[in-house]
Structures are given as C-alpha cells and as structure tokens.
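The values are calculated or read from the model by the stated rules, or taken from the named source; none is laboratory data. The structure displayed is predicted, hence computed values, not measured ones. As a convention, Cβ positions derive from the backbone with ideal geometry for all residues, glycine included, and neighbour counts pool all protein chains shown.
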Amino acid sequence: MNVTQTVLEFFDSRGGLPGSTQDEKLACAYLDAKVIDSMGIIDMVSHFEDSFGIRFEADDLQSEEFQTVRGLISVIEKLRATAA
Amino acid sequence: MSQICPDILSFPESPATHPDRWVLMNVHTRQCLGAGPEVLAVLAEPDVVTTATYRVWKIWRFSHIDGLLADPSRYKRDAATWGEPERVDHATLVKMLKDQCLLIDDLEAYRARFDFKKTLLDRQRFGTYHQQLGQQLIAFERRDPSAWWLQQKFTPDLAAIRQDNLYGAVQDRFLDEWLPKRMTPGLRVLDLGCGAGTIAQKMARLGASVLGVDPNPDYIRLATERAEGDATFQVLDLNTPGALDALPAASFDCIYMSDALLFYFVPYEPGKPLDLARFIADVKRLLKPGGSFLSLEPHPVFYVQPWLGDPSRPFTVMTEYLHTHWRINPPLAVLARPFLEAGFVITGVEEPASQRDNPQVPQRDAAFASEFPVWLLLEMKLDTAQA
C-alpha cells in the first residue's frame, strides 16, 4: 500500500489540503491549517492505524514531525517498518 | 545556558521510610521527577558537568485520570511504590530535568508556553486543565470522555455516588445531611444538569416534587426508568439558547445545580463562553417568589490543588486564583457578583468537608478534604426588598 497516496486520499476525503502541487500539500501543517480539528484527530489516527496496521504511541502523536503531512507519512512509514 | 526553573518545589515524599527519595515538582505545569538528594546540586549548577551517577524515578502520572476528585498532585504517591531508580549520567539527567520543566534554557520562552493548546496533540503549550484532560483522555488513552465523567463520580450502574473518593466522602455525605433541612413534602424543585438523576432521586425520596433536566438522552432514560416518588426527567440542553423557555415562569421553589455552573465562568472550550446573563435571567424567571437557587460547585480556592506533605496532615500550594489560566473554577467574588447584581442575596454558605478518618477513602484524601473544603454551596434568594 502506498502510504503517501493513502494519506493524501484521506485528507481529500476531509475537504482537501491547501496548495496546488503535491509538494505544497505535503508541507501543510494540517492541524494549524484547520484541515483537521481537535476531535477529527482521533478519527484520523484510528483511520491510519486501521489502514496500515500500526499503533501510534503518545510520543509519535506529539512529535513535531506529526504536525505536517510529510512528517505524518514519515512517522507511518517508520511504524510500518518496525511492525513488519 | 541552563537554569533552574523558578517555579519548582522539592520535598521528600516518604521521609520516614525513604528519606533519600525526593520529589522535584514544577507547581505551575504539575510536572515532576523523583530524585535522590544528589540531584539538587545539579539544579543549582546545571552547566557544571560531572562524572557522577544520579538516581531518578519517573513518577509523573496524569492522576486526574482517576477522577476530578482523585489526588490532583500528578505523581506516583508513596516512595515505596517507586521501584528501583534509573541511574543516569549528568547529560541524561539534565535532559530529564528539562523534559519536566525543572530546568529551563530561557525563562521567556518557558513563560510563553503558558497558553491555550492549539490542538489535542499540542504538547508545547501547557493549556488549561480541561485541555490537558481532553488531551490525556482522547489523544493518549483513547477513552470516551463522557464515560470517564460518569465513572469517576458514579457507581458502574449509575445508581449511586461512588463512596471510594471525595464525591462520596464529601458531596454525598453532605447532601444526605443537608438536603433533609431544605427538602419538604411538595417542594417543587428543578435539578439542572441532573445526569442519571442520582441527586434528584435523593430529593424526591424526601418528598420533593422534582424535575430533572440534562442534555444526555441516555441519562434521562436511565433516570426515568428508576424514578420513584414524584420525580420526572426530560432532555434539555442548557447550552441551547431558549432551552428553558418551555418551563413556566414562577414554577419552582428551588433550583438546584451542582458541578455545572463553573462552565459559565471558565468555558470548557477556550474562547467559547456560555451566556451567564441569560442563565441568571432564566433562574429568576423560573423561581417562585421567595424561591432559592442552590449552587454546589467546586470550591474556588481548594479544588484541584495539589495534596502535598504527610498523608495525615497534607498541605497545598496556590499558583493562581484571580487570573485563571489553568484552573477550572472562578474566584468567589466573580462567582457571586453576577447573581448579586441581578438582585439575588446570599442566604446560606456551606463548605462541605470530609470526616478526618474515613475508611472508605485513602487517608490523604480524607485528611485533605477534612481541612480544605473542595466544594462550596451557595444558597441564594431574590431580594424581595428590591423586587
């Protein structure tokens, strides 16, 4: 499963990320940009955990990395590598 | 350059049995670390690198997960439960001290962190009590906050108030003693935010004619199933403007509200205040002449204060009162003033306390609540001289 594609599709289903290029979309701080609100975080986290068979730890969720789409993808990829 | 954070306390947790196990606590952020006394020298001179080994215990825990009336001190109590220490070098120790805001790099940057959290995942900003609770429950523990609210106060069947924490040892005990002085047969009572009707039922058993309202249909269904005596329940969300309009004017001798008025002063969501003026106008409209508004709320001073010191003689420290950034309840004058300005007079004040020894709750809980009231009851009537 392509992580980047799955993550971008998720954000598309939630109203889409700002930016016209993929690079701009990946750079988006989706929480600051209010693409996902506070309660939506839980929905998002469960969605990715189910989709990728991973489990985010509290430290993952609170990391700087987790705040941008690109960082989020990187966290997911690392967790998948560990789980595999 | 590192510096000691000016907001910290250090104290022994169990000096009689473990005199070498200290708590280092940031009283504003309520972070902490267990430490051997040798760590104190590092706080004093953090940049002096040594080759020594230091003992630390990771004792921080979000103790409010056990309930609003559980130990608010946020660390693992009783040094005997701390286990073996981690033995760390100077650099590791400094990092651990910084993680808990016991050492800081820059006072201004640290002070800037005292701000509302932007999201549930925001660990940079310390946020309010409610934000911290939401973060812990929703983001980290993945628990349903509404279930948590109930579990911490009521028995699993929601039929009674738990007796193993201060809801039982203080609130329930107080109501059992005090309500019979106020509830008389036929007294018409409105219980605002009645939950599953536990307190409304107490009033009905004393002969009052009670209407309980709550926004949660599940609670109202449960309350209705269990209703005995003259108690009825209906779904009604006080946060919906005009929600109380359907109730006839001058129809209640008594309006009771517990653990809910605070949200009109310190909103659950920052920046989204509820309409207090409208609420007070509703209370005035619904009360019969000579009727009372009874408000049993978290105590403006002592609620969610840390319980420090010996379990048999706890003390506390205050970090804020008039200007609340973290706390969840208003100062006393702020609580009372809008009612006084609206024509109410305060006719009764109670500060419910625990018995000093109560075998159903831990010694520290009972001792703290026997000295420092964690609830405040205000009884108010419309000033007939003005009216």
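Condition (residue is at the interface with another protein chain (Cβ under 10 Å from one of its Cβ atoms) and of a type in the set (A, V, I, L, M, F, W, C)) applied to the stretch A:8-23: is it met by at least one residue? Checked against the condition, which is being at the interface with another protein chain (Cβ under 10 Å from one of its Cβ atoms) and of a type in the set (A, V, I, L, M, F, W, C), the stretch A:8-23 yields no hits at all.
For the stretch B:147-154, the criterion of being of a type in the set (A, V, I, L, M, F, W, C), loosely packed, with under 14 Cβ neighbours inside 10 Å and either modelled with pLDDT of 95 or more or closer than 30 Å to residue B:197 by Cβ (or both) is met by at least one residue. Within the stretch B:323-342, none of the residues are closer than 20 Å to residue B:76 by Cβ and either at pLDDT 95 or above or surrounded by fewer than 17 Cβ atoms within 10 Å (Cβ to Cβ) (or both).
Taking the conditions exactly as written (under 20 Å from residue B:129 (Cβ atoms) and of a type in the set (D, E, K, R)), does residue B:78 satisfy them or not? Outline the logic, then answer.
Numbers: under 20 Å from residue B:129 (Cβ atoms): no; of a type in the set (D, E, K, R): yes.
Considered against the rule, which asks whether it is under 20 Å from residue B:129 (Cβ atoms) and of a type in the set (D, E, K, R), residue B:78 comes out as no.
For the stretch B:65-76, does any single residue satisfy the condition of being over 28 Å from the mean Cα position of the chain (by Cα) and assigned by TED's automatic domain parsing to the domain that holds residue B:27? Checked the stretch B:65-76: no residue is over 28 Å from the mean Cα position of the chain (by Cα) and assigned by TED's automatic domain parsing to the domain that holds residue B:27. Against the criterion of being in contact with a helix residue (DSSP H, G or I) (Cβ under 7 Å, 6 or more places away or on another chain), more than 10 Å from every other protein chain (Cβ to nearest Cβ) and among the aliphatic types (A, V, I, L, M), residue B:138 does not qualify.
For residue B:113, are the conditions met, namely being of a type outside the set (Ser, Thr, Tyr) and at pLDDT 95 or above? When the stated conditions are applied, residue B:113 passes them. Apart from one condition, residue A:50 fits all of (1) under 25 Å from residue B:134 (Cα atoms); (2) touching a helix residue (DSSP H, G or I) at 6+ places or on another chain (Cβ under 8 Å); (3) away from chain B (no Cβ under 11 Å); the exception is (2).
Please verify whether the stretch B:285-306 includes one or more residues that are hydroxyl-bearing (Ser, Thr, Tyr) and assigned to a helix (DSSP H, G or I). Within the stretch B:285-306, none of the residues are hydroxyl-bearing (Ser, Thr, Tyr) and assigned to a helix (DSSP H, G or I).
Scanning the stretch B:285-306 for any residue that is surrounded by 16 or more Cβ atoms within 10 Å (Cβ to Cβ) and either among the basic types (Lys, Arg) or free of Cβ contacts under 8 Å to residues at least 12 places away in the same chain (or both) turns up nothing. Checking each residue in the stretch B:32-57 for being surrounded by fewer than 21 Cβ atoms within 10 Å (Cβ to Cβ) and closer than 25 Å to residue B:313 by Cα picks out B:36, B:37. Within the stretch B:107-133, residues that are away from chain A (no Cβ under 11 Å) and basic (Lys, Arg) sit with their Cβ atoms under 9 Å from residues that are outside any loop (DSSP other than H, G, I, E, B) and exposed (fewer than 14 other Cβ atoms within 10 Å of the Cβ), at 6+ positions apart or across chains, in these pairs: B:125/B:112. Could you please let me know if residue B:337 is in the same structural domain as residue B:371 (by TED's automatic domain parsing), among the basic types (Lys, Arg) and more than 23 Å from residue B:364 (Cα to Cα)? Considered against the rule, which asks whether it is in the same structural domain as residue B:371 (by TED's automatic domain parsing), among the basic types (Lys, Arg) and more than 23 Å from residue B:364 (Cα to Cα), residue B:337 comes out as yes. Quick one: is residue B:64 assigned to a helix (DSSP H, G or I) and not aliphatic (A, V, I, L, M)? So residue B:64 fits the description; yes.
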